[in-house]
Amino acid sequence: MSSSEIPELDAETVTVAVLAQMAYTPDTRLKEVMTAAVKHLHAFAREVNLTPAEWLKAVEFFTKVGQTCTPDRQEFILLSDTVGLSALVHFMHDKTALEDATHSSLLGPFFRENAPRFNAGDQIARDTSDGEVALWGRVTNTDGQPLSGAEIGIWQTASNGLYDIQEDPNPDNMDCRGIFTTDANGNYLIRTVKPVGYSIPMDGPVGALVRRQNRHGMRPAHIHMLINASGYRELVTALYIKGDPHLSDDTVFGTSGELVANVTDHDPECPLPNLPSSRFDFTLSRESEADRMLGRVGADPAAIAQA
Ligand code: BEZ
Ligand code: FE
């Protein structure tokens, strides 16, 4: 090959050359995603004038993020969460629902498959010494019709602000998580403990970055919910406890006014009226053909490690 046949690339034309090499990608969606990724990545590098040392720092950072992932910890999801990418994907996902229903919120890195099943009114926390809380309400469709047999997966921290998976990775030792089923009227009743706000894991590369940005790393107190009913779009969401000081500056951008739950001391309408309680009704959108293919923003870290 004569030297005249070697393209003389520069900081602008290298982008065109990469896109040309990828132009025959048979998978059209892969082609679309990678074309946009290359365009934006190159534009980003040009915008910040990325130096060799900074490029290497980024390689080291992503290497550490990967090395921090285990079957019990997902540092990449944490990174996605702290830069608002997970929240952005949720916002876009909610817009594609057939109907406007309860909105999504972060699944987070502590979701676990195969949580135990409970009966209505059962307690999910092993240690209730700091007091119990009842969660109750209905799951309906957007016409207000009750959805019976809907499954509500719930997971939250214990009263010490830690998820079971952070204290003991043994999947036989689950705590503060479980699956409930709605009754014939779409009602659910869960007994738990009041969650507390907590810091995202700060002992890894993502925490180090968050600290360098002078961010506090806190999430407001919340309870995760994963709701499934046959024929309806799966809902990944969370309830945020009214009064928490970090409702307005969640490190991972999961909060919204619509998802704030008010815990009241004595609600005579609650089926467990002697406990502090919070009523929250969830609405599900009818499922579209495409919904089943769209997946979730998140997964059990153990399943990702095996993928
Ligand atoms: C969580 O809510 O479990 C969570 C979400 C994002 C980052 C860390 C924790
Ligand atoms: Fe959480």
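The values are calculated or read from the model by the stated rules, or taken from the named source; none is laboratory data. All of these numbers come straight from a predicted model, not from anything done at the bench. Neighbour counts run over all protein chains shown; Cβ positions are idealised from the backbone, glycine included. When the accessible area is computed, the model is the full protein with side chains, heavy atoms only, and any ligands, DNA or RNA have been set aside. Shrake-Rupley method; radii C 1.70, N 1.55, O 1.52, S 1.80 Å.
Listed conditions (1) closer than 24 Å to residue 222 by Cα; (2) touching a Pro at 6+ places or on another chain (Cβ under 9 Å); (3) more than 16 Å from ligand 2 (Cβ to nearest atom) are all met by residue 93, apart from (2).
Does residue 95 count as open to solvent by 60 Å² or more (accessible area, probe 1.4 Å) and touching a helix residue (DSSP H, G or I) at 6+ places or on another chain (Cβ under 6 Å)? Criteria not met by residue 95.
Return the residue satisfying two criteria in turn: it lies in segment 172-216 and is of a type outside the set (D, E, K, R) and within 13 Å of ligand 2 (Cβ to nearest atom), and of such residues it is modelled with the highest pLDDT. Before the answer, list the steps.
Filtering segment 172-216 for residues of a type outside the set (D, E, K, R) gives 173-174, 176, 178-182, 184-190, 192-193, 195-202, 204-210, 213-214, 216.
From the residues that got through so far, the ones that are within 13 Å of ligand 2 (Cβ to nearest atom) too are 176, 195-201.
Values: 176: 96, 195: 89, 196: 90, 197: 93, 198: 91, 199: 93, 200: 93, 201: 92.
Per the criteria, the residue is 176.
The residue list 58, 43, 23 contains one member that is assigned to a loop (DSSP other than H, G, I, E, B) and of a type in the set (A, V, I, L, M), which is 23.
Yes or no, residue by residue, for (1) under 15 Å from residue 224 (Cβ atoms); (2) open to solvent by less than 40 Å² (accessible area, probe 1.4 Å); (3) among the polar types (S, T, N, Q):
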{"residue": "121", "(1), (2), (3)": "no, yes, no"}
{"residue": "126", "(1), (2), (3)": "no, no, no"}
{"residue": "155", "(1), (2), (3)": "yes, yes, no"}
{"residue": "160", "(1), (2), (3)": "no, no, yes"}
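Only residues that are free of Cβ contacts under 8 Å to residues at least 60 places away in the same chain and within 18 Å of residue 238 (Cβ to Cβ) were counted across segment 262-277, and they come to 1. Of all residues in segment 276-289, those satisfying the criterion of being assigned to a loop (DSSP other than H, G, I, E, B) and either within 16 Å of ligand 1 (Cβ to nearest atom) or surrounded by fewer than 20 Cβ atoms within 10 Å (Cβ to Cβ) (or both) are 276, 280, 281, 287, 288, 289.
Has segment 228-239 got any residue that is crowded, with 16+ Cβ neighbours inside 10 Å and more than 21 Å from residue 96 (Cα to Cα)? Yes, the conditions are met somewhere in segment 228-239.
Quick one: in segment 169-193, which of the residues that are among the acidic types (Asp, Glu) and open to solvent by 60 Å² or more (accessible area, probe 1.4 Å) is nearest to residue 239 (Cα to Cα)?
183
Looking across segment 28-79, not a single residue is in contact (Cβ under 8 Å) with a residue 60 or more places away in the chain and among the small types (Gly, Ala, Ser).
Being in contact with a Cys (Cβ under 8 Å, 6 or more places away or on another chain) and farther than 23 Å from residue 142 by Cα is the filter here; which residues of segment 243-286 pass it?
Of all residues in segment 243-286, those in contact with a Cys (Cβ under 8 Å, 6 or more places away or on another chain) come to 277, 279.
Within segment 243-286, 277 is the sole residue that qualifies.
Consider segment 139-183 and keep the residues that are small (Gly, Ala, Ser) and under 27 Å from residue 200 (Cα atoms). The one that is farthest from the chain's Cα centre (by Cα) is 159. Specify the residue that is modelled with the lowest pLDDT; the eligible residues are those in segment 96-109 that are within 9 Å of ligand 1 (Cβ to nearest atom) and either out of contact with any Pro (no Cβ under 8 Å at 6 or more places or on another chain) or in a helix (DSSP H, G or I) (or both). Filtering first and then ranking leaves 108.
Could you say whether any residue in segment 87-94 is modelled with pLDDT under 95, over 30 Å from residue 257 (Cβ atoms) and among the acidic types (Asp, Glu)? Checked against the condition, which is being modelled with pLDDT under 95, over 30 Å from residue 257 (Cβ atoms) and among the acidic types (Asp, Glu), segment 87-94 yields no hits at all.
Figure legend. Inter-residue proximity from segment 199-224: first residues within 28 Å of residue 239 (Cβ to Cβ), second residues more than 10 Å from ligand 1 (Cβ to nearest atom) and β-branched (Val, Ile, Thr), beta-carbon distance below 6 Å, spacing 6+ or different chains. Indicated pairs: 204/68; 217/210; 221/196; 221/241. Looking across segment 240-254 at every residue that is out of contact with any helix residue (DSSP H, G or I) (no Cβ under 8 Å at 6 or more places or on another chain) and within 15 Å of ligand 1 (Cβ to nearest atom), the one that is most open to solvent (accessible area, probe 1.4 Å) is identified as 249.
Could you grab me the full set of residues in segment 69-89 that are within 14 Å of residue 200 (Cβ to Cβ) and not hydroxyl-bearing (Ser, Thr, Tyr)?
Once the filter is applied, which keeps residues that are within 14 Å of residue 200 (Cβ to Cβ) and not hydroxyl-bearing (Ser, Thr, Tyr), segment 69-89 yields 73, 74, 75, 76, 77, 78, 79, 81, 83, 84, 87.
Quick grid of which residues meet (1) over 30 Å from residue 218 (Cα atoms); (2) loosely packed, with under 11 Cβ neighbours inside 10 Å:
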| site | (1), (2) |
| --- | --- |
| 11 | yes, yes |
| 16 | yes, no |
| 25 | yes, no |
| 89 | no, no |
